[in-house]
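To start, the structure under review is shown below, and the notes come after it.
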Amino acid sequence: IVGPYTLSTPYASADTDKGENCLFKQNPVPVTIRGIASDGKPAALVGQVVTGEDYPLYLYSALCFQDITFQSINHIYCRGNDLTMREGVTMTGSVYLYGSGRNSLIDDKIGAIAVYSGNYVRIAGHIRSNPEIKPNARAYITVGGSASVNTIIAGNASGKIDNADVSINITGGHVQTLVGGNQGFNDGDASFTGQTAIHISDGQVDNLYGAG
C-alpha cells in the first residue's frame, strides 16, 4: 500500500447482519501487506464506519501487515484466518483482535494471532460475544517485539466456553494483563473449561491470571 488506502463501501456481513470492511473477500489469498509512505503521508489502511462507533475489519484469508497504520479500524475479526502484525505497525485509535468472528466461530476455525508491533486494547483468542461456544480447534496468541497489549483473553470477551484449547506465547513486548480464561461482561456466565498453556520467555507481563 502506497500512502493512505481507504477500504471500499462495506459489504453485507452474515456475521453481523450489518456491513463490514474487508480485504480480498471475493478472491481470498494469503498475502503480506506492506506500507510505503507517499508525499510525506504514511501508509495507512483506512476503514469506514459500519454501525454505531464500530469500524470492524473482517479477514477472509491469512494476512500479514508491516509498516502500516490502521486508521478508523477498531475491531479486527480473523474469522479463523491467521493474522500477523510485523514491525512498523501503528494505530490511530483503540484496536481489538479476535481469533474468529464477532458472535460465532466461523466454520469452526480459530485464526492464530501474532503481534510484534502496535498497541492493542485487547486480544481475545476466540470471539467477541456469545452466551456459549464449544470450539473444536486450538487458539494461538503470540506477543513479541515491541508490541504493547492492555489485555489478553484466552477465551471470549463475553460468554461461556466449553472445551477450549489455547496456547499463549510471550516472547517480547509488554502485556499489562494476561487472563487464561474468559473476560465476562456484566452478570453473564463467563465460565471457562478446557486448558490454556502460557509460555513467557521474554518481555514483560504485569498481571497474570490462570482463569477469568
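The values are calculated or read from the model by the stated rules, or taken from the named source; none is laboratory data. From a predicted model like this one, the values you see are computed outputs, not experimental measurements. As a convention, Cβ positions derive from the backbone with ideal geometry for all residues, glycine included, and neighbour counts pool all protein chains shown. Ligands, DNA and RNA are excluded from the accessible area calculation, which covers all protein heavy atoms including side chains. Shrake-Rupley method; radii C 1.70, N 1.55, O 1.52, S 1.80 Å.
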Q: List the number of the failed condition for Ala157; all other conditions in (1) under 16 Å from the mean Cα position of the chain (by Cα); (2) modelled with pLDDT of 95 or more hold.
A: (2)
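Being in a strand (DSSP E or B), closer than 19 Å to Val115 by Cβ and open to solvent by less than 60 Å² (accessible area, probe 1.4 Å): is that true of Thr171 here?
On the way: in a strand (DSSP E or B): yes; closer than 19 Å to Val115 by Cβ: yes; open to solvent by less than 60 Å² (accessible area, probe 1.4 Å): no.
Judged against the criteria, Thr171 is not a match.
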Q.
Looking at segment 183-212 only, could you name the residues that are assigned to a strand (DSSP E or B), hydrophobic (A, V, I, L, M, F, W, C) and open to solvent by 50 Å² or more (accessible area, probe 1.4 Å)?
A. Ile198, Ile200, Leu208
Q. Name the pairs: first residue in segment 140-152 and within 14 Å of Ala197 (Cα to Cα), second residue in a strand (DSSP E or B) and of a type in the set (S, T, N, Q), Cβ to Cβ under 6 Å, at least 6 apart or on different chains?
A. Tyr140/Ser167; Thr142/Asn169
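Can you tell me which residue in segment 138-163 is nearest to Arg79 (Cα to Cα), limited to those that are part of a loop (DSSP other than H, G, I, E, B) and open to solvent by 30 Å² or more (accessible area, probe 1.4 Å)?
If we filter segment 138-163 for residues that are part of a loop (DSSP other than H, G, I, E, B), which is where we start, we get 138, 144-147, 154-157.
Among the residues that remain, those that are also open to solvent by 30 Å² or more (accessible area, probe 1.4 Å) are: 138, 145-146.
Details: Arg138: 14, Gly145: 25, Ser146: 25 Å.
This residue is Arg138.
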